[in-house]
Amino acid sequence: MFGVFVLKDQDISLCSSLFARLFIPFGMGYFISVLLGSANAIMSPILVETFLLSPADLGFMTSVYLISFGIAQFPLGVFLDRYGARKTLAPSMLFAVLGAVIFALSQNMWHLIISRILTGVGLSGCLMAAFKAYSDWLPSERLPVVYSLQCLAGGIGGMVSTKPVGFAISIFSWRYTFLFLAAVTLLIALSIWFVPPRDKYSGKKYSLSFVEQLSEMLSFFMDTRFWSVAPLVITAQSMMFAYLYLWVGPWMRDVAMMEVAETGEYMMYAFTGAAAGYFLNGILADFFAKKRWFSWEKMYLYSGVLLVLVTAFITFENGRASAFLWGIVMFLSTMTMIAFPIMRNLYDDSEVGRALSLLNFMIFLISFILQWFIGVVLDFYPVIDGRFSARGYQLSLAVIVILNLSAVVHLYLGLKKRRII
C-alpha cells in the first residue's frame, strides 16, 4: 500500500533499515511531544485544586507551552536548513527534560509556567525536524504518506496522555509520573542523536549567515505562496491544539456534565480521531491523487468545509448529545495537515525547513491565543459547583467557528482564482 521509496539508486521501503533509522527516533520524538503537550487536559482538575487556578490561570499556564513552542520555530527553521534534523533536535530536547523535571517538582503557578516554557522550547522541533529529515532522504511524491505515519506517532502520544496517564497518576502520583516522562524524553533525545544517518550535512559551507537566513525566513511572511496555503491549517490546527491540549477535558466535564472516568473515555475518542486524521490525511491524499478523483488542494478544502459544519453543530447543540462529535472534529482538523506537503512543494530544498517552521509558528501562535482566549471568556461567567459556564464555552467556540469559516472562504477563492476548482 505504501509503495517503495527510491534514494540514490537504492530501493528504500518502509521495512528498510534506513527508513527505520529515520522513523523510529523521530516518530518517538513526536510521540513524546504530543504526550507532554496535551497531558494538562487530563490533569486540569488536579492542577486547579493543587494550585488554586482560575480558568484564565489554567488557560495561560497551559498556553505558554504553545507560544514558546511557536517562537522557537524561528531559530529552529534556520538550524534545520543549516545543520539538519538530527543535530538540531537532539540537543533541544534536553530543555524538555528539564521542563518535565521542574513540572514534577513545582510548588506554585510560576514553577508550572517555567516548566511549560522549557518543555515547549525543547519539543518545538519534533515534527518539523522529522519533516525536514524525510524531505532530505525521501522523494517528494511520497512525503504525504510518510508525514502521515509521523503524525500518527503524535496521535498515539495524545491517546496515551488521556486514560493511560490518568491511570499512572492514580497509582504513582502526577509528580512521579512526570519524572518518569522526563527520563523517557532523555532516552528519545539520545536515540535521535545516535540512530539516524549523520552524513547529510557533513562539511557543508553556507553562503548566508544565520542572521541572513533568519531574515529570509521572516520575509516569507510577505510571500503569497505562504498565505495561499496557510490560513486554513492555522485555524484548524489551532482549534485542535487549544482543545486537545487543554479544553476538551473541561468541556466534557462542564458542558456534557461527565464524571472523571467518562471524561477520560471521551477524551480518548477525541485523540483517536486526531490520530486517525494524522495517519490518513497523507494516505488518502495519495490515493485520491492516483485515482485522479481530486487533488491535494481539493481534499484540503473539503476537510475545512466539513470541519466548519461539524464544529458549528457542536456550538449550537452545546451539550452531551454532541460530545461524540469531538472525535470527528479532531479527525477533520488533522486532515488539514495535507497543507504541509502542499507548501513543501512551493519552496526550494534550501528554504523548506524555514517555510514549514514558519507555518508551524503561526499554528502555535494562534493556538496560544485561542487557548488563553477560551479561559478569559470563561472568567466572565460564574463557576457553579466547581464547573465552568457552558455558555462561556459556547461563545468562545462560536468565535473559533467564524475564524475557520473565514479561512475556508479564503482558500476557496484562491483555488478558484488559480482554476484548481
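Points worth noting:
- You can think of it this way: the chain between Arg225 and Arg292 has 21.7 nm of extra reach, that is 0.36 nm per residue less the Cα-Cα gap.
- Neighbour-count ranking [beta-carbon atoms within 10 angstrom, fewest first] of Ser357, Ser92: Ser92, Ser357
- Residue exposure sequence - Ile369, Ile314, Ile188 - by fewest surrounding Cβ within 10 Å: Ile369, Ile314, Ile188
- Order of Trp193, Trp372, Trp251, Trp293 under a 10 Å beta carbon neighbour criterion, fewest first: Trp293, Trp193, Trp372, Trp251
- Remark: for residue pairs Lys87/Lys132; Lys132/Lys298; Lys291/Lys417, the C-alpha separation exceeds 18 Å in Lys132/Lys298; Lys291/Lys417.
- Nearest-ten-degree value, helix 325-335 long axis tilted from longest Cα axis of the chain: 20 degrees
- Amide H within-cut-off set for Ser161, under 5 Å, with H built and near neighbours excluded: none
- The angle between the Cα long axis of helix 55-71 and the main principal axis of the chain comes to about 10°, on a 0 to 90 degree scale.
- On Cα atoms only, tilt of 143-160 relative to the major axis of the chain in degrees: 30 degrees
- Values of log10 I(q)/I(0), in the order q = 0.18, 0.21, 0.25 Å⁻¹, for region 275-341 under a Debye, Cα-only, solvent-free model: -0.65, -0.81, -1.00
Rule-based calculations on the coordinates, nothing more; no lab input. The model shown is predicted, which means the values in this text are computed figures rather than measured ones. Cβ coordinates were reconstructed from backbone atoms using ideal geometry, including for glycine residues, and neighbour counts include every protein chain displayed.
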